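Taking it in order: structure first as structure tokens, then the write-up.
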Amino acid sequence: MRIDFGPGVEWGGLSQAECELMARDYRHQLAYRVYFAALWRANQSGHAEFRMGELARVLAGREGGLPSAQSVTNAVGRARSLDLVGRNSTVRCLTLPHHRFQKGGRGGRGCHVHGDATPWAHSA
């Protein structure tokens, strides 16, 4: 996949491994940790899938305490309201809009949660 954000638009790469570290770093606000989790896990179509309860484990607190299901849902909602993740993001799949995230190389293109192999049009 060729990465292209449009004519004259500069872009740079990021380390998905570093994004995982940021997502797990309890010092950051939960909404931003959700965003880092999306960047870490995103596939070539901008979808970042998580198993049931997995995002809560990623967002664990300082002593490893898990946030409540409602806290995780609220964090995803806050990330959506800040336009950090797509409007159709859930605790099971965080989406990133095509104008913000594109990925070449490894990683699938489908989404088991949204059931769509070409979800860019739905993730903004």
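Nothing in this text is a laboratory measurement; each read-out follows from the coordinates by a stated rule. Just so it is clear, the model here is predicted, and its values are computed rather than measured. In this analysis, Cβ positions are derived from the backbone assuming ideal geometry, glycine residues included, and neighbour counts consider all displayed protein chains.
Pop a pseudo-label 7 angstrom from the Cα along the beta-carbon direction at both residue 73 and residue 54 and give the gap in nm to one decimal.
Going from the residue 73 label point to the residue 54 one covers 2.1 nm.
What is the sum of charges, Lys and Arg at +1 and Asp and Glu at -1, for the other residues whose Cβ falls under 12 Å from the Cβ of residue 14? The partial results should precede the final answer.
Working: positive: 100, 103; negative: 18, 20.
Net charge around residue 14: 0.
Assuming 0.36 nm per residue, please report the length gained on full extension of the stretch residue 14 to residue 28 beyond their Cα-Cα distance.
Values: separation 14, 0.36 × 14 = 5.04 nm, distance 1.83 nm.
In short, 3.2 nm is gained.
Above 22 Å lies some portion of the pair distances; for segment 4-101, what is it as a whole percent of all C-alpha pairs? It would help to have the intermediate numbers written out before the result.
Numbers: 1123 of 4753 pairs.
When every Cα pair of segment 4-101 is considered, 24 percent fall beyond 22 Å.
Can you give the Rg to Rh ratio of segment 1-43, both from alpha-carbon atoms, with Rh computed by the Kirkwood formula? Don't skip to the answer; put the middle values down first.
Numbers: Rg = 12.7 Å, Rh = 11.6 Å.
For segment 1-43, the value is 1.09.
Could you tell me what fraction of 2.2 N^0.38 Å the Cα radius of gyration of segment 64-105 comes to, as a two-decimal ratio? Before the final figure, lay out the partial values.
Values: Rg = 12.1 Å, N = 42, 2.2 N^0.38 = 9.1 Å.
So the Cα radius of gyration is 1.33 times the expected 2.2 N^0.38 Å.
Once the other residues with Cβ under 15 Å from the Cβ of residue 82 are scored (Lys, Arg +1; Asp, Glu -1), what is the net sum?
Local charge sum for residue 82: +4.
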